[in-house]
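Working notes for the structure below.
Bear in mind that the values in this text are calculations on the coordinates, not laboratory data. What you are looking at is a predicted structure, and each value in this text was computed from that prediction instead of being measured. Cβ: placed from backbone, ideal geometry, glycine included. Neighbour counts: every protein chain shown.
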């Protein structure tokens, strides 16, 4: 195949003359024969190892209790909530890419939405496990759900903790619907290209017997549009939802109306970082550089930069408000964030999310996979530090000086957190193998549109 | 030889398919359908006017969700009143989040259900799959299918008419 | 690691810079230097690697020998309940028995609550003036000692368990030898006791074996004061102090409010005085000169930090200022003289209403001079009177001998039989030639005690004694009245009372414990006896003896340069006898809030010289002792003084108390010269309050008002959108009077005993996971070297607009109609949202399973009316809701109007100064409503609009330092 130019100034960022067959070969080829089996085995192996680590830590935790973590009085919420917020935030980017860009008809999004939606799915699952493990009595987590019971008791709907449970569930269900509906036609293609009987059967099931009938397409488009319209406000609701977890308490440093938008920005920001990372990885692993081009990376870089600045604005406002409000304790808490024992988290967040980010002003940095990956990684670290900075220091500086304390995560905190990447990686690497990672039919459509023959 | 279900004409590009379909429609064929790996916008309103119902039904689903959420939240406190932090039993601001979430989920479910029911999916097998080369409909094939049941359908005429446009024509056996 | 030292200059400067009421907890947070930050880091929970992770399991671990006991106990038939009730015991219905807990030979009168034959809680005996219903932390914890699985459970010979028959045989053999030798070679060492029965038995023993010699072994007893009084008055006399009359209290190195056998009545008196002063009846001034910070010093209006060696000079100056004509000049600093002048002026201004107290370790001549001064001040009969000594140890004009004399006898080889009765002289014994070394040569050593302790380990024979709650005896209270100690439960193990043991020695007879006591009081008729058992005492307070004129004393004024060390009893485990009680080990020591260890207290200046910070290892050399401990910087301690605390470093205390802290042998003198140096170790210390400074522009949590204008600057409660939570029926509320709180910890222990609060161990405390529902916050205020101390008990606030309740997703914490913030344990799933939202951080979480693997005996102690919390649930103060329900049910059963004043919470009930008021705030006549109308009344963090039901009365300050100006 002839060397493609670096950038295509097409709406979909893909070579104009790409035929349907070529697209199909790129997308569905890996399902029959994986281009980089060795690399994949490594990826999967690492994933399994991390998953084992996760299971082991979870077992220890369930056997002994949350006391295995570093939490204490007054830091009742430690890694459990921290990583929950971090993972859930990451999830949001997937929804944004597939839903928002679909609505405003950006055809280049077709190369990215599938891998982003799959990321959302796994990130939300990683997040959802945390609040359960963080419970004192995890086996009773279902008490937060509404179901008729002999005690006649219901959840306490005034509690943001209860809202969160609903937020996760609805976000999970809507993301799954969006993902599945969007993937039906591709599963049909996979079905029709499959050679093995088993593969045919399985993809056939997933495809629900899709025939590509225009009557079906009409319904499909309407449904997808509706789902996209729903997904956007849902993202805002969910990320505000878990910001309420902090803002609804009287705690200085949490009790702020700034948090909901602040959290949305941060969430999408961290999400784009992971999408960029995954895009770079996927295009190499599946060697589909023709579909996920450098122009895509460039665009992701821009998005990262934009959302990064929104987050930075959040920092500014958060720094400004306590002094504007003039409440002594608010200022105390702020100073603790800046100069307290956990000041590293604040400054790490600033360095990564504001400092390193600026590299993305340079086109070359955005377009070179290595450099973009480096920045994205920095942003992921930075966003974790930010969540830490928002969550922990205020707890260590309570209203009564006598109740002030500190926080040091234990080994088990870390193993569970690092292990949670296994929870993400194992299914995701299986997706790479068995799910069409690019929305082929949409790419084809875009190509035909571009060529003006449809 | 059994009675065929209709004729399946294969095209090599979306454009001729669209033209053929529109023409056929204009001629008065109604029981026809076009198959392509992606939606052909020119045909959609023609073939499936019912698709426009989806948003409406979604709104209905949303309302259902709202009703359910309010019933659950208000009902639970009325059925088991507790003094929680000295707040009023029915604290309107605290109802918002869950209600909204229920609305979204309700709408989404309604939309997807409409899709499945109206399009009669899942239907894992269909006679068309029997037709040779039809598997390319999900990949790079473009097909026009005219049912034998169509009042205008006449094996000779329709076949001839299609032959002028399509690459090749297949009979679809039941 | 390079240990950064505290930048004291910066600290002083910082404090000097602060305006008005500068509240702070400790040193490090005061300096904003990176070093200081490093120190805070070092202090943060989690940074406690040196503490053994398994200890909390260990200390609660089941002892198999005890299995099965948990089920049920049995109350002895002869015991007589305090109040009339059904003759046969009804399961679930509590019965109360009046008895007493001897502590250092002084009775702590109590009522014991038993359910299904199990004693579960002790409370002060309201009938007895020396308790008036209240008691101290030690007495509250005595119930735990009864059930301590590490108590000695059987006689031992050379460490191996044996039978009482063996003991009887051995004693019989000794008796034959003693009868021939008329008791020559028999040496008996007794712990402090005031038991008339024991006295009677010892008399018989002495008549039979006149050559026998008796010794006195009590680390912190008042023998020195008695000797002095004998010198001054010609007969040994014991002082009874009435602080309620002492408008001016001068304490020289004395701590009447601190823990000790007389703490309860003294605190009551002190509180009564302050209560009257608050109502404008007389003054409540206290001048305290002390070397190390104590509760009395913390409560003082004028405190002076002074080395013990300066005490004679101070006394001299005071005598001079009070008009004594003394020749020599006191060598004192201007600041010290100023203090003396102030004290003298105050004393002279309140004739007959003043009292001077001097520490029992002070030199004899100082004590004598103080006795004279009190007499001249007309204190006698007013703030002080004298009674015959209640403690055994003085007979036929002479005192029992001391351990030093015993050592001589042992060295001379005159000892053939050595009995150690209810004492542990070897706990922290001297190096060679120490008692243990000398005892090797003695043919027959027998130890009798509650534990198989250090002394027992060095004796041939050990016999287990009964606990006060499962054996008969009698003991005298502080006022000389005699109390009968009646058992609440049949002996748990094969133990004997001391009386039975002596009988066994004299006659080999297996006697009945009750008979010994009964025959001491044979002259009392049976019905009176029953009445005495029901009331808790059998003989009223001893009559006062008017002391003869005391002659002036020539004080010898020692020169002092260099460091001096003082050894004090630990405020939580005393001399170590309570070392195995988890409740007391985990009880934060007043002021330092340290738990689970003792420390070497240094003044900031001294620490600066030695170059150590909190937790650094130091080596202290005393005459004949060398000890290594953790340094602790105590603001307000005299500069040249090293504070040492006895009761730790034990090897035979039990699983809880072994191997904690360092051992130090108590010294009789006021102080000894010593030296200290850093030895580079690092100790992890577990304390409950981290060290931080309150931002000086925030409203301090503890409000202080001047005596002349006792009013809180009014603070606006933010208007609330919500209707008040008040509902029909009683509305519970609590008011804590900070003017009366001494920070003595009695309430904390009472709460722990009442509510089955778990002990979690040093590591968990260091992790910030202590479980106390009621904590006592302590803050310093003012300068680094002479700070004031402020205490604030902090239970749940039971907010009407409780943030915690809105946080809970499962309705596990909700508000009751009567205004309680309820915790529903079995509904709690442990999201900890409530605790995150609690502005007062009074909620406690079961991070691990604290209670499951407690010893069966410990489980037997638990209050059946309070749920034992499992792992993963939140808990907190409930206002003793079980007591509220009990009272309500009782009133229902008796068909009478619910009298809310009958509800008394555990903390309120035990508080010796009755600083806590609890009741129905909806009833305008209730005491708590009155308190809420007091101009000193304020709520904590009022601005948050949580509407707390627990509120405070501001502390009244006589001198500068109040912040409401």
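When Rg and Dmax are taken over the Cα atoms of the range C:563-687, they come to 13.4, 38 Å.
The mean number of Cβ atoms from other chains found within 10 Å of a Cβ in peptide A:126-138 is 3, as a whole number.
Report summary: the helix-based calculation at 222 nm, which adds -39500 (n - 2.57) for every DSSP H run with n ≥ 4 and divides by the residues of chain C, gives -7500 deg cm²/dmol. Projected label points at residue C:441 and residue C:826, each 7 Å from Cα along the beta carbon direction, are separated by 6.8 nanometres. If both residues of a DSSP beta bridge must be in the protein assembly as shown, then about 65% of such bridges are antiparallel. For the range B:54-118, the spherically averaged projection of the C-alpha convex hull amounts to 4.7 nm².
Normalising the Debye intensity of the range A:1-116 to I(0), with uniform scatterers on Cα atoms only, and taking log10 at q = 0.13, 0.16 Å⁻¹ returns -0.85, -1.03. Taking the centroid of alpha carbons for each part, the range B:1-68 and the range A:331-409 are 52 Å apart. By DSSP, the beta bridges lying fully in chain C are antiparallel in about 60 percent of cases.
Expressed as a fraction of 2.2 N^0.38 Å, the rule-of-thumb size for a compact globular protein of N residues, what is the C-alpha radius of gyration of the range C:276-365? That ratio works out to 1.11. For chain B, what does the helix formula give at 222 nm: sum of -39500 (n - 2.57) over DSSP H segments with n ≥ 4, over the residue count, nearest 500 deg cm²/dmol? About -16000 deg cm²/dmol.
Thinking of the range B:1-135 as a set of Cα atoms, what percent of all their pairs are more than 26 Å apart? Tail of the P(r) past 26 Å holds 51 percent of the pairs. Principal axis extents of the C-alpha atoms in the range A:183-244 (largest first, rounded to whole Å): 51, 27, 13. For the range C:166-320, the square roots of the Cα gyration tensor eigenvalues, ordered a ≥ b ≥ c, give a/c of at least 1.5 with a/b greater than b/c, which places it in the prolate category. The alpha-carbon atoms of the range A:286-336 define a convex hull whose volume equals 90 cubic angstrom per residue. Taking the average, over residues, of other Cβ atoms within 10 Å as the packing measure, peptides C:504-517, C:414-427 rank C:414-427, C:504-517 from highest down. Each peptide in C:272-283, A:170-181, C:233-244, C:322-333 receives the mean, over its residues, of other Cβ atoms within 10 Å, and ordering these scores from highest gives A:170-181, C:233-244, C:272-283, C:322-333. When Rg and Dmax are taken over the Cα atoms of the protein assembly as shown, they come to 41.2, 145 Å.
Shape of the range A:159-287 from its Cα gyration tensor (a ≥ b ≥ c, root eigenvalues): rounded if a/c is under 1.5, otherwise prolate when a/b > b/c, or oblate? Show your work: numbers first, answer last.
Working: a/c = 2.91, a/b = 2.07, b/c = 1.40.
Cα axes put the range A:159-287 in the prolate bin.
From the gyration tensor of the Cα coordinates in the range B:88-174, what semi-axes in whole Å does the equivalent ellipsoid have, largest first, with each one equal to sqrt(5λ)? Spell out each step's value before the answer.
Working: eigenvalues 495, 38, 28 Å².
Equivalent-ellipsoid dimensions as semi-axes: 50, 14, 12 Å.
Annotation: peptides C:310-321, A:193-204, C:834-845, ranked by per-residue average of other Cβ atoms within 10 Å with the highest first, follow the order C:834-845, C:310-321, A:193-204. Per the Kirkwood formula applied to alpha carbons, the range C:238-387 shows a radius of gyration over Rh ratio, Rg over Rh, of 0.93. Look at the stretch B:75-84: the mean tally of other chain Cβ atoms within 10 Å of its residues' Cβ atoms is 6. Shielding of peptide B:52-62 by partners, expressed as the average count of other chain Cβ atoms within 10 Å per residue Cβ, is 3.
Only helices enter the 222 nm calculation for chain A: every DSSP H run of n ≥ 4 contributes -39,500 (n - 2.57), and dividing by all residues gives -23000 deg cm²/dmol, rounded to 500.
Debye calculation, C-alpha points only, no solvent: report log10 I(q)/I(0) for chain C at q = 0.06, 0.09 Å⁻¹, in the same order as the q values. Values, matching the q order: -0.41, -0.99. Between residue A:289 and residue C:163, the modelled label-to-label distance comes to 9.4 nm, taking each label 7 Å out from Cα in the direction of the beta carbon. Over the range A:20-451, all Cα pairs binned in 10 Å intervals from 0 give whole-percent P(r) values of 4, 20, 30, 25, 14, 5, 1, 0, listed from short to long.
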